[in-house]
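Take a look at the structure below.
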Amino acid sequence: MKRIGLLSDTHGYWDARYEKYFAECDEIWHAGDIGTMELAERLADLRPLRAVCGNCDGGDLRRLYPTVLRFRCEEADVLMKHIGGYPGNYDRSIRGTLFVRPPQLFISGHSHILKVLFDKTLNCLHINPGAAGLQGWQKVRTLVRFTVDGKQFRDLEVIELAPSDT
């Protein structure tokens with residue numbers, strides 16, 4: 001059983017509350033637009049970090065993190081890509097992969113819109129954690145925590161980072 005802290009679209013913004021909310025997590029997953037190497041290193045200092053690069057990530061981040069990451073967590077097949085869309089509207093850059101070999105969990109970012117949807121066609125859970133950074137139009141910054149237990153995903157929590165809490 002693993003507890004996961006998930007975020008996306010930080011765009012280089014460090015929030016000290018990441019430490020608090022990810023303290024009991026086994027791993028941190030970042031769904032792209034990390035923003036800076038410093039932010040990636042700080043997250044990796046907290047917990048093991050799995051990440052993909054986003055469309056706003058350059059140079060060192062692109063060399064360190066792939067565009068698409070597929071891995072196993074517990075017994076679950078996980079696929080992560082920054083620009084991925086969502087059930088019923090997957091991005092064409094990942095659609096083929098999803099339909100040929102669907103994962104149990106597909107994670108994307110990019111839209112800055114928090115979404116947790118189950119795709120009945122693919123029998124796949126989709127999570128977009130929204131945006132944790134300041135850049136963008138979103139009014140509420142969000143993080144997600146959940147547990148991977150074998151092939152099951154449970155105890156999912158959405159954490160809103162209100163501006164007044166900083």
| query | Which members of segment 106-155 meet the condition of being within 13 Å of the chain's Cα centre (by Cα) and open to solvent by 50 Å² or more (accessible area, probe 1.4 Å)? | reply | HIS110, ILE113, LEU114, LYS115, VAL116
| request: Scan segment 37-91 residue by residue and report those that are over 18 Å from LEU122 (Cβ atoms), small (Gly, Ala, Ser) and touching a Phe, Trp or Tyr at 6+ places or on another chain (Cβ under 7 Å). | output: ALA51
| Within segment 81-105, considering residues that are under 25 Å from GLY150 (Cα atoms) and part of a loop (DSSP other than H, G, I, E, B), the one most open to solvent (accessible area, probe 1.4 Å) | ARG101
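Conditions tested, residue by residue: (1) modelled with pLDDT under 95; (2) more than 22 Å from TRP14 (Cβ to Cβ); (3) not hydroxyl-bearing (Ser, Thr, Tyr).
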position	(1), (2), (3)
ASN55	no, no, yes
GLY58	yes, no, yes
ARG63	no, no, yes
LEU105	no, yes, yes
ALA132	no, no, yes
LEU143	no, no, yes
THR147	no, yes, no
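For (1) open to solvent by 60 Å² or more (accessible area, probe 1.4 Å); (2) not in a loop (DSSP other than H, G, I, E, B), each residue gets a yes or a no:
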{"site": "GLY12", "(1), (2)": "no, no"}
{"site": "GLU19", "(1), (2)": "yes, yes"}
{"site": "GLU24", "(1), (2)": "yes, no"}
{"site": "GLY35", "(1), (2)": "no, no"}
{"site": "GLU38", "(1), (2)": "yes, yes"}
{"site": "ASP45", "(1), (2)": "yes, yes"}
{"site": "PRO66", "(1), (2)": "no, no"}
{"site": "VAL78", "(1), (2)": "no, yes"}
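The values are calculated or read from the model by the stated rules, or taken from the named source; none is laboratory data. All values derive from a computational prediction rather than experimental measurement. With ideal geometry, Cβ positions are generated from the backbone for all residues, glycine too; neighbour counts draw on all protein chains shown. Calculation scope for accessible area: heavy atoms of the full protein, side chains included, ligands and nucleic acids excluded. Shrake-Rupley method; radii C 1.70, N 1.55, O 1.52, S 1.80 Å.
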